[in-house]
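Working notes, structure below.
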Amino acid sequence: MTPSKFIESLVKAYRNAKVPLQWHPKLSRGESRSIASEAEDRFAYYLIERLKIIDHIFINQTLTSLLNGREERINPDLVICRGDEIRMLIDLKMDLGYQRKEFSDSMKKIEKLVKKLRGQKFSLWKKVGYVRERLEKTLSINAKYVFVVISDKNIDSKQFESIEMLASKFNNTELFVLLRGIHLNDRSFQGRSQKYVMRMAKCHICQESFDKLETLLIESLA
C-alpha cells in the first residue's frame, strides 16, 4: 500500500461520513460522523502491509503496568509489537484543532512517561469478536512514542511550528505530519468530486514524513 492509497482511503472515509450509514430519502446528516477510529484501522493496515516484520498491531489499546506499587496507564492508538516486545507506540491525530492549547503539555508528559516505563511489563487484551485473551508484553528499552498528525491545518501555522520545534528537542517522542497545507475535510471541497479532492491531496502529501516514519519503524523492529 502506498502513501497515496492511504490518503485516498481517508478521502473516501470523510466523504462517506457526511451521509447516513443507511440511505433513505428522508434521512440526512448535519454533522459528519467522526472518522478517527476508521483512520486508526486504516493506518494500522497501511503499516502492516508495508512492514511484514511487524508481528501484531493492537488498535486503541490501553496498556497498564505496576511501577513501584502504583498502576501506570498509557493510551496509544496503535501498539506495534514484535514477539513479546512493544517496539513503538503511535498516537494518530487527524489534526491538532481541538488540542491546540494542550498538545505541547501532552507531549512533555509523554516524553517523561515513556522514559520511565521502558523495560516494564504491560497487560493488554487481544480481542477477536467477543473473545478476549489477556497478554503481557514488555515495552522495549528503545521504544518511542510517535505522534502522527494527518494534517497541519485547523490550527494557526505559527502555533503548529512551535509545536514542531518543541518535538524536535525530545528523545523519546517523535512527531510526523503526513499532509501539509491541506485538510481533507476542508469546506472548500464541498460540491467537488472525490477525484478532485484526491488530486489536490496528492499535491500535499509529505513523502519525507512517510519515509522517515518507515525508517524509524524498521530500526525499532530490528
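Each reported figure results from applying straightforward, stated rules to the coordinates on display, with no laboratory input. Note that the structure is predicted; figures quoted are calculated from it, not measured. Glycine also receives a Cβ, built like all others from the backbone with ideal geometry; neighbour counts cover every protein chain displayed.
Work out, step by step, the length gained on full extension between Asn16 and Val128: first 0.36 nm times the residue separation, then minus their alpha carbon distance; give nm to one decimal.
Numbers: separation 112, 0.36 × 112 = 40.32 nm, distance 2.61 nm.
My answer for the length gained is 37.7 nm.
What full-extension length gain, to one decimal in nm, is calculated for Tyr196 and Glu31 as 0.36 nm per residue of separation minus the Cα-Cα distance? Please report the intermediate quantities before stating the final value.
On the way: separation 165, 0.36 × 165 = 59.40 nm, distance 2.23 nm.
So the extension gain works out to 57.2 nm.
For the range 3-221, what proportion of DSSP beta bridges, expressed in % and rounded to the nearest 5, is antiparallel? Mind showing how you got there, number by number?
Working: 24 of 38 bridges.
DSSP beta bridges in the range 3-221 are roughly 65 percent antiparallel.
Quick one: helix 103-117 against the long Cα principal axis of the chain, what's the angle to the nearest 10°, folded into 0 to 90?
Approximately 30 degrees, to the nearest ten.
Separation between the Asp105 and Leu166 pseudo-spin-labels, each 7 Å from Cα along Cα→Cβ, expressed in nm?
Calculated label separation equals 1.0 nm.
Identify which of Gly181, Gly129, Gly97 has the largest mean-square fluctuation in a Gaussian network model of the chain, with springs joining Cα atoms closer than 10 Å.
Judging by the Gaussian network model, the answer is Gly129.
Normalised by the number of residues in the chain, what is the relative contact order in percent for Cα pairs under 8 Å and 6+ residues apart?
Numbers: 344 pairs, mean separation 41.4, N = 222.
For the chain, the relative contact order is 19 percent.
Give me the distance in nm between label points sitting 7 Å out from Cα along the Cα-to-Cβ direction at His24 and Cys206, one decimal.
Modelled inter-label distance: 4.3 nm.
Which GluC sites (Glu not before Pro) in the range 110-206 pass both tests, a DSSP loop state and at most 15 other beta-carbon atoms within 10 Å? Could you put the intermediate results ahead of the total?
Details: sites: Glu111, Glu133, Glu136, Glu161, Glu164, Glu174; in loops: none.
Here no loop site has a sparse enough neighbourhood.
Measuring from a point 7 Å past the Cα of Leu67 along Cα-to-C-beta, which residues in the range 157-173 have an amide N at less than 18 Å?
170-173
Work out the FRET efficiency for Lys158 and Asp186 from their Cβ-Cβ distance, taking R0 = 22 Å, and round it to the nearest 0.05.
On the way: r = 20 Å, r/R0 = 0.90.
Computed FRET efficiency for Lys158 and Asp186 comes out at 0.65.
Treating only the Cβ of Lys, Arg, Asp and Glu as charged (+1, +1, -1, -1), what charge dipole size does the range 3-221 show about its Cα centre? Round to the nearest 20 debye. Working shown, then result.
Working: 40 positive and 29 negative charges, 105 e Å.
Its charge dipole is roughly 500 debye.
Kirkwood hydrodynamic radius (Cα pairs, Å) of the chain?
Working: mean 1/r = 0.0534 Å⁻¹.
After inverting the pairwise mean of 1/r, the radius is 18.7 Å.
Name the residue, out of His56, His183, His24, whose mean-square fluctuation peaks in a Gaussian network model built on the chain with Cα pairs under 10 Å.
His24
Give Lys108/Lys137; Lys112/Lys144; Lys12/Lys101; Lys93/Lys115; Lys153/Lys202 a once-over and call out the pairs whose C-alpha atoms are over 18 Å from each other. The partial results should precede the final answer.
Numbers: Lys108/Lys137 25 Å; Lys112/Lys144 11 Å; Lys12/Lys101 29 Å; Lys93/Lys115 22 Å; Lys153/Lys202 16 Å.
Pairs exceeding 18 Å: Lys108/Lys137; Lys12/Lys101; Lys93/Lys115.
Each label point is 7 Å from the Cα along the Cα-to-Cβ direction; what then is the distance between the points at Met1 and Leu216, in nm?
Computed distance between label sites Met1 and Leu216 equals 1.9 nm.
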